[in-house]
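Just below is one structure, and these are the notes that go with it.
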Amino acid sequence: MRYLYTIYFCFLGFSVFGQNVLSLKEAIEIAQSNSLQGKEFTATQEAAEWEFKSFRASFLPQLSLEASPASYSNTFNPITQPDGGVEYQSIEQNNGSIQLNLSQEIVSTGGQLYVGSQLVRFDDFLQSQHQYNAQPFFIGYSQPILKYNELKWQRKLQPLQLEEAQKGYSEDMEWLGLQTTNLFFVALKAQIQSKIAQNNLSDNQKILKITEEKLALGRASKNDLLQVKLNVLNAGKQFSDAELNNMMALRALCDFLNLDPEDRSLSLQLPQILDLKEVSADLAWKKAQTNRKDFVTYHKKMIEAESEVARVKRNNRFQADLNVAIGFNNQANSLDQTYSNTVQSQQVNLSLSMPIVDWGKGKGVIKAAQLKRKRIEANVERDKMTFERDVINTVQQLSNASIQVDRNMEAQEIASEKYEIALSKFSLGELSMRELVWNTSEKDAAQNEYILALESYWLSFYQLRTLTLFDFETQQDIHY
């Protein structure tokens, strides 16, 4: 039966000389590789991968060079005198410095280990003097104490963000498939309507000729002839409108696919339903939980909420910063002397911060963050429930659409056969004009219902692919 109707629709004019035949599968492949949105999705995915590479690099040792070769001034400086007066003294000076740093973040503690070397030169041009101050080597460690460790939390979140982007890219590609299917069927329906309208116009022109012959034989009335002429005019208007809709719908599809002008002469191929085994709602839901980015997003939201609770707790309690450094330095009038006979230098800095009286401000901020975490938990559970319902509904829609396609195909065959019989009877004068018009409408409606059933089937199929990132035809997970 399906084979017969494939031949039937080809007869309707879908393989037109001089036009390229485009299948639904080919249209989707073009959209994913060539459409502007497809290119946008690809660029977004690549940007996410580079952001993650940049993040991972932040945990590696960072080597940097800082230099300030010139800080020149030629001006008058106010000098306070012993008697309290001010005397302005001319100066012409320059300060220059260069420093090499190597640092390493310590994720587990939130601290930073650093080593470096520094050289400073001071020039007094009025006195024709210069002086060097050097730190050939120093090593230090800075450690926040009881503070929020952002690096530690980011190390948990960033891999999830990359996974979210990767799965999101697959979803975006499948969304392109779904959008292409929608536009494809809009154009396909317009193409079919145009052909139906063309056939109806041709049939009405034949009926007009038959009616004129009947009128000449006295077997038809003048009113019958006028009615047929009116039908021809209406069929002509319908064909003109259908042709316009066909061109507009095809243009929208070609624009979405980003096709070149020379590739836009297309005849769309009617897709048939797949020979799928029964789609299990349990399998679909399981695949959605495994493959969709939504479940990565849910997990990420919970970690972000926990991170925020940890941050406000740390920021509203006792905190300290410790920085210790040891090295060697010296100062001299010549560069070689600066690096000889260096002396050891030590530096220790400790700063403390602790709220004493905040009138419940800190407690309120912490409580608000905890309640926000509970709200996010509830939202996540609600979103999961909604998502599961969408998956189950789509599985049922696909199953029902498959049944409706077969039923509408049979109904279309019956309606088409009835129309051919009615047309023959009308030619023999055994059927009234009203009955012929009714059979024509019934035939057109059956054809439209069949196409609508096919559209519903394919939209449900690609909607289910998008929701699960699973190909139920090949039984494979979908990755791009």
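May I ask for the net charge around Phe52, where only other residues with Cβ less than 12 Å from the Cβ of Phe52 are counted and Lys, Arg are +1 while Asp, Glu are -1?
On the way: positive: Lys53, Arg56, Arg155; negative: Glu46, Glu49, Glu51, Glu163, Glu164.
After counting each charged neighbour, the total is -2.
On a 0 to 90° scale, report how tilted helix 433-468 is relative to the longest principal axis of the chain, with both axes built from alpha carbons and the result rounded to the nearest 10.
20 degrees
Could you work out how far apart the two model spin labels at Glu105 and Ser351 are, taking each label as a point 7 Å from the Cα in the direction of the beta carbon, and quote it in nm?
2.0 nm
Fewest first, what order do Trp50, Trp458 take by the number of other Cβ atoms within 10 Å? Spell out each step's value before the answer.
Numbers: Trp50 10, Trp458 24.
The most exposed by this proxy come first: Trp50, Trp458.
Run the reach check for Lys25 against aspartates and glutamates, Cα to Cα strictly under 16 Å, same-chain hits fewer than 8 apart removed. What comes back?
Glu174, Asp275, Glu455, Asp471, Glu473
Please report how far the C-alpha centroid of region 318-336 lies from that of region 231-281, rounded to the nearest whole angstrom.
For region 318-336 versus region 231-281, the Cα centre distance is 76 Å.
How large is the dipole of the chain about the Cα centre if only Lys and Arg carry +1 and Asp and Glu carry -1, each at its Cβ, rounded to the nearest 20 debye? Walk me through the numbers on the way to the answer.
Details: 49 positive and 58 negative charges, 312 e Å.
So the dipole magnitude of the chain works out to roughly 1500 debye.
List Thr44, Thr468 from most exposed to least, where exposure is judged by having the fewest other Cβ atoms within 10 Å.
Neighbour counts put them in this order, fewest first: Thr44, Thr468.
Take Arg434 and Glu150, extend 7 Å from each Cα along the Cα→Cβ direction, and tell me the distance between the two endpoints in nm.
For Arg434 paired with Glu150, the spin-label model returns 8.2 nm.
What distance in nm lies between label points placed 7 Å from Cα along the C-beta direction at Asp123 and Tyr339?
Here the answer is 2.1 nm between the modelled labels.
Can you figure out the FRET efficiency of Lys313 with Ala445, using R₀ = 60 Å and their beta-carbon distance, to the nearest 0.05?
Details: r = 67 Å, r/R0 = 1.12.
E(calc), rounded to 0.05, equals 0.35.
For Ile91, project a label point 7 Å along Cα to C-beta. Then give me every residue of region 107-149 with its amide nitrogen under 16 Å of that point.
Taking a point 7 Å out along Cα→Cβ of Ile91, the residues of region 107-149 whose backbone N falls under 16 Å are 121-131.
Which of the residue pairs Lys39/Lys300; Lys147/Lys300; Lys167/Lys286; Lys167/Lys301 have a Cα-Cα distance greater than 20 Å in the structure shown?
Values: Lys39/Lys300 27 Å; Lys147/Lys300 22 Å; Lys167/Lys286 15 Å; Lys167/Lys301 16 Å.
Exceeds cut-off: Lys39/Lys300; Lys147/Lys300.
Would you count, across region 339-480, every pair of lysines whose alpha carbons are under 29 angstrom apart, provided the pair is eight or more residues apart or spans two chains?
Taking region 339-480 as the scope, the lysine pair count is 9.
Using Cβ counts within 10 Å as a stand-in for footprinting exposure, how do Ser202, Ser399 rank, fewest first? The partial results should precede the final answer.
Numbers: Ser202 12, Ser399 16.
Fewest-to-most Cβ neighbours within 10 Å comes out as Ser202, Ser399.
Considering the dipole of region 79-189 built from charges on the beta carbon (Lys and Arg +1, Asp and Glu -1) around the Cα centre, which of Leu100, Phe138, Ser170 is farthest to its positive end?
Ser170
Bear in mind these aren't lab numbers, they're just calculated from the coordinates by the rules spelled out. All values reported here derive from a predicted model rather than from experimental measurement. Glycine also receives a Cβ, built like all others from the backbone with ideal geometry; neighbour counts cover every protein chain displayed.
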